[in-house]
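One structure is given below, encoded as structure tokens.
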Amino acid sequence: MNTTEDFKQFEHLEEEQLPVAKHKLHDWTHFAGLYAAEHVAATEFVIGATFVALGAKTMDIILGLLIGNILAVLSWRFITSPIAVDTRLSLYTYLNKIAGDSMTKMYNWANVIIFSVISAAMITVSSTAVRFAFNIPAQLNWYPTNTWFILIVLAVGIFVVFIALYGFNAVSEFSGICAPWLFVMFTSGAMVLLPALSIDVLDKTLPSNWIDFMTLGDQSIWTGINSDGAPGIGLVEVIGFGWAANTITHFGLIDMALLRFAKKKSYGYATSTGMMFGHYVAWIAAGIMGAGAAVILGKSIIELDPGDVAYYALGWSGFVIVIIAGWTTAITNLYRAGLAAQAIFFNHSRKKTTIVVGLITIIIACFPFVFSQILPLLTYAGLLVVPVGAIVFAEHQVFPKIGYTRYWSSYRKLTFSMPAIASWGLGLVFGFGLNFLDVISFYYLFIPTWFFTIVVYTLLASKYGAKETYAEEVKEEGLRNETIERFQAEQAKKEPVQVKDVSVFSKILRILAIAALAITMVLACNVLFGSASETDYIANRELFYTYTFICTIVYFVLAYWALKRGKSSIASEA
């Protein structure tokens, strides 16, 4: 066996085009931090207000979001994670093996556009917070009307591109720092503004019991009446909203790009940090913050932007949370867009494609209309990619169980897979057709569309060669995978060995960082439980604003310092 010759075929390939090497797999804590930071984002302020505008009731919000987000976690665990861990490939690369170049390019282009626009919207949100801080006029048109706003977008966008350039590890590390702080901020913000609502509705600073809290919610936040004055959505719709919010990443399998780095399939449960502490807590907290800010300003919650809500909930720390929350989501989505672009332009590195996509994203972010349309975009983007996720699920999970051959299209060297392209098209017609006919709640369209596409693809693939046996090709595939593992093992020997920092000084840094978060929670508790009157409440709230901003600065300085010390490494011996 000529090892050198065997390895040459992989040397020119980017890491993203090969299965993730064993030495680059991550523990569950990486994914816990990544998902917590990504799903406690600036959009949560908007979604929190959306439930109010849609007219949900308090109990439907509390119970429905819990059930919906649990269903989302289970979707990641049992649909996305098994395929990601089995293949160690991103969806963009894996799809090429089963659907050919033609469909893969179309799909990857769709993903470049979708994730670039999502990333752009988050950059715009972060820039809006900076705009608010520097008293730059609100950008109410579809185009920018202020040069300073454009310069702010450029500055924020360059930072996002810079982090995304350094790949999964950089995204994970940045998210790991931000996640604990984001959760504390959302929770604290709700605690700080709840007394404002209580004073307005109950004429006291704190609800006395559960019945008081429900009364507060039903009268001032989730009233059951939508913005048009009609009865709002019910429990079933709230569950569907919570489940479908991230259809694009779990049923659509986009998060194979992230979960391919997981050591175990069970790490799919780590998404619960994003769903439970992110979506569930953050959406409820955002509703409370939005309603509280509306009371203070004397406006309707749907008239407020994230900057308004965050400032009156958290003071100057509110500007930071909108910026950071926007960054964490923008960076992750730009990383995905860069991967999709690299799968199209495979002769170029992911860094080059990310730079190009990033520059286009920054230009898009200069136009404020992008953020205002983000919720419809997310909804329709989910329905667009669900059929593709169904095709991959059928190929990987269903075919081996019914005696069909996985990767049959690749073995036949097809560059155009009629079953895949036809199934995607028919799945889209079916899904959007159901939406047009209005025969099922919009939030649940992805379920029948997913099953329909699986059946269609399985039937079509059986007629185009999936039933056949490809013994020689399967054997060659196995040998190729073994060679890749040996190649990656050799490459691992040349990489520096990461040495965990266990010094006392680093431990002190981490303890002090945690203490800064703890002090923030204590200050929030003081506002909630220590305000006997409206005068006390205002004084305690101002105290919270001042010292929480100091704690925010201290936390990020110490957390980043501890991270840098923990990344010390020594070169491994060849």
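Quick notes
- Residue ID - farthest from the chain's Cα centre (by Cα), chosen from residues in the range 400-411 that are farther than 15 Å from LEU95 by Cα and not β-branched (Val, Ile, Thr): GLY403
- Filter result (under 17 Å from SER102 (Cα atoms), open to solvent by 40 Å² or more (accessible area, probe 1.4 Å) and assigned to a helix (DSSP H, G or I)) within the range 402-416: SER410
- Filter pass, GLY338 being under 17 Å from ALA121 (Cα atoms), at pLDDT 80 or above and of a type in the set (Gly, Ala, Ser): yes
- Considered as a group, the residues in the range 84-98 that are over 13 Å from LEU259 (Cα atoms) and crowded, with 22+ Cβ neighbours inside 10 Å include one that is nearest to the chain's Cα centre (by Cα), and that residue is TYR92.
- Unique match (being open to solvent by 40 Å² or more (accessible area, probe 1.4 Å), touching a residue at least 24 places away in the same chain (Cβ under 8 Å) and touching a helix residue (DSSP H, G or I) at 6+ places or on another chain (Cβ under 7 Å)) among ILE296, ILE254: ILE296
- Selection count where residues are open to solvent by 30 Å² or more (accessible area, probe 1.4 Å) and among the small types (Gly, Ala, Ser), scope the range 520-540: 4
- Count of residues meeting criterion [hydroxyl-bearing (Ser, Thr, Tyr), open to solvent by 100 Å² or more (accessible area, probe 1.4 Å) and not in a loop (DSSP other than H, G, I, E, B)] in the range 437-473: 1
Condition check ((1) surrounded by fewer than 24 Cβ atoms within 10 Å (Cβ to Cβ); (2) out of contact with any His (no Cβ under 7 Å at 6 or more places or on another chain)) across all residues:
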| site | (1), (2) |
| --- | --- |
| GLN219 | yes, yes |
| GLY224 | yes, yes |
| ASN246 | no, yes |
| ALA262 | yes, no |
| LYS265 | yes, yes |
| THR273 | no, yes |
| GLY287 | no, yes |
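- Some residue of the range 417-436 being surrounded by fewer than 20 Cβ atoms within 10 Å (Cβ to Cβ), in contact (Cβ under 8 Å) with a residue 60 or more places away in the chain and among the hydroxyl-bearing types (Ser, Thr, Tyr): no
- Within the range 314-349, tally of residues that are of a type in the set (D, E, K, R) and open to solvent by 10 Å² or more (accessible area, probe 1.4 Å): 0
Listed here are the residues, each with its yes/no results for (1) touching a helix residue (DSSP H, G or I) at 6+ places or on another chain (Cβ under 7 Å); (2) farther than 25 Å from ALA337 by Cβ.
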{"position": "GLY64", "(1), (2)": "yes, yes"}
{"position": "LEU71", "(1), (2)": "yes, yes"}
{"position": "ILE83", "(1), (2)": "yes, no"}
{"position": "TYR92", "(1), (2)": "yes, no"}
{"position": "ALA99", "(1), (2)": "yes, no"}
{"position": "THR104", "(1), (2)": "yes, no"}
{"position": "ILE113", "(1), (2)": "no, no"}
{"position": "VAL117", "(1), (2)": "yes, no"}
{"position": "ILE123", "(1), (2)": "yes, no"}
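- Any hit, the range 193-203, residues being open to solvent by 20 Å² or more (accessible area, probe 1.4 Å) and either β-branched (Val, Ile, Thr) or in contact with a strand residue (DSSP E or B) (Cβ under 9 Å, 6 or more places away or on another chain) (or both): yes
- The lone exception for PHE487 - which of (1) at pLDDT below 65; (2) crowded, with 16+ Cβ neighbours inside 10 Å it fails: (1)
- With respect to (1) crowded, with 24+ Cβ neighbours inside 10 Å; (2) outside any loop (DSSP other than H, G, I, E, B), the lone exception for VAL40 is condition (2).
The values are calculated or read from the model by the stated rules, or taken from the named source; none is laboratory data. As the structure is a computational prediction, the values presented were derived from the model and not from experiment. So basically every Cβ, Gly included, is an ideal-geometry build from the backbone, and we count neighbours across all protein chains shown. Just so you know, the surface numbers come from the protein's heavy atoms only, side chains and all, with ligands and any DNA or RNA stripped out. Shrake-Rupley method; radii C 1.70, N 1.55, O 1.52, S 1.80 Å.
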